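Worksheet for the structure shown next.
Bear in mind these aren't lab numbers, they're just calculated from the coordinates by the rules spelled out. The structure displayed is predicted, hence computed values, not measured ones. Backbone-built Cβ (ideal geometry, glycine too); neighbour counts: all protein chains shown.
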Amino acid sequence: MAEQIIFYILATIIVASSLLAVTSQRIIRSATFLLFVLLATGGLYLLLDYHFLMAIQIAVYAGGVMVLFIFAILLTNQPGEAVKFEKPKRMFISALAALAGIAICGHIIFHNVAKFYTYIKQDELDMRQVGFTLMGTDKYQYMLPFEAISLLLLACIIGGIMIARKR
């Protein structure tokens with residue numbers, strides 16, 4: 001019962017913060033609401049007993065990626081300015097596209113619920129096995145993508161510094 005209450009609280013935070021992130025006219029506020037979404041998603045991982053995913057969610061997304069977002073916002077935009085709304089026609093088309101995406105995701109989830117329950121019943125992976133998989137160089141191991149992402153983040157930081165230097 002307590003888990004359901006916590007789930008509904010986290011789900012409400014995610015939905016409300018997502019809506020506020022999209023509809024807010026201040027870009028820094030939008031980034032802050034996105035941070036709340038990422039933190040509440042980490043809470044959902046904790047509720048599912050995926051401690052490793054919760055730690056990664058908080059450290060990588062809520063920590064690292066949000067710092068990069070805010071860094072980019074401050075370098076490329078005036079944070080005090082209000083964001084202009086799009087034309088109503090574009091907003092309507094965007095709403096239709098969002099509803100189509102929700103319908104497709106709902107269809108996929110509805111038809112794969114039985115498969116999902118088989119994955120839930122499995123135990124959590126051993127952290128040593130996760131570490132070897134992330135940092136290994138054999139087949140089905142992810143050292144190369146991990147290094148590619150680090151180079152991409154380094155290029156973003158250098159680009160941000162170059163933009164700030166021109167100002």
With an 8 Å Cα cut-off and a minimum separation of 6 or more residues, compute the relative contact order for the chain in percent. 17 percent
Take the Cβ-Cβ distance between SER94 and MET143 as r, set R0 to 45 Å, and report the resulting FRET efficiency rounded to the nearest 0.05. 0.70
Treating the chain as a set of equal point scatterers at the Cα positions, no solvent, please give the Debye-formula log₁₀ I(q)/I(0) at q = 0.11, 0.18 Å⁻¹. -0.70, -1.40
Can you compute the charge dipole magnitude of the chain about its Cα centre, using +1 on each Lys and Arg Cβ and -1 on each Asp and Glu Cβ, nothing else charged? Give it in debye, rounded to the nearest 20. 940 debye
Using the membrane-span-like helix rule (whole DSSP H runs, Cα extent along the own axis of at least 18 Å, mean Kyte-Doolittle hydropathy at least 0.0), which helices of the chain qualify? 2-23, 27-47, 88-111, 143-166
Put +1 on the Cβ of every Lys and Arg and -1 on every Asp and Glu Cβ in the chain; which of VAL22, GLN4, CYS105 then has its Cα farthest towards the positive end of the dipole? VAL22
Between TYR50 and ILE161, what FRET efficiency follows from the Cβ-Cβ distance if R0 is 25 Å, with the result rounded to 0.05? 0.10
Once every DSSP H run of n ≥ 4 in the chain is given -39500 (n - 2.57) and the sum is divided by its residues, what mean residue ellipticity at 222 nm do you get, rounded to the nearest 500 deg cm²/dmol? -24500 deg cm²/dmol
FRET efficiency estimate (nearest 0.05) - Cβ-Cβ, ILE9 to ALA103, R0 25 angstrom: 0.40
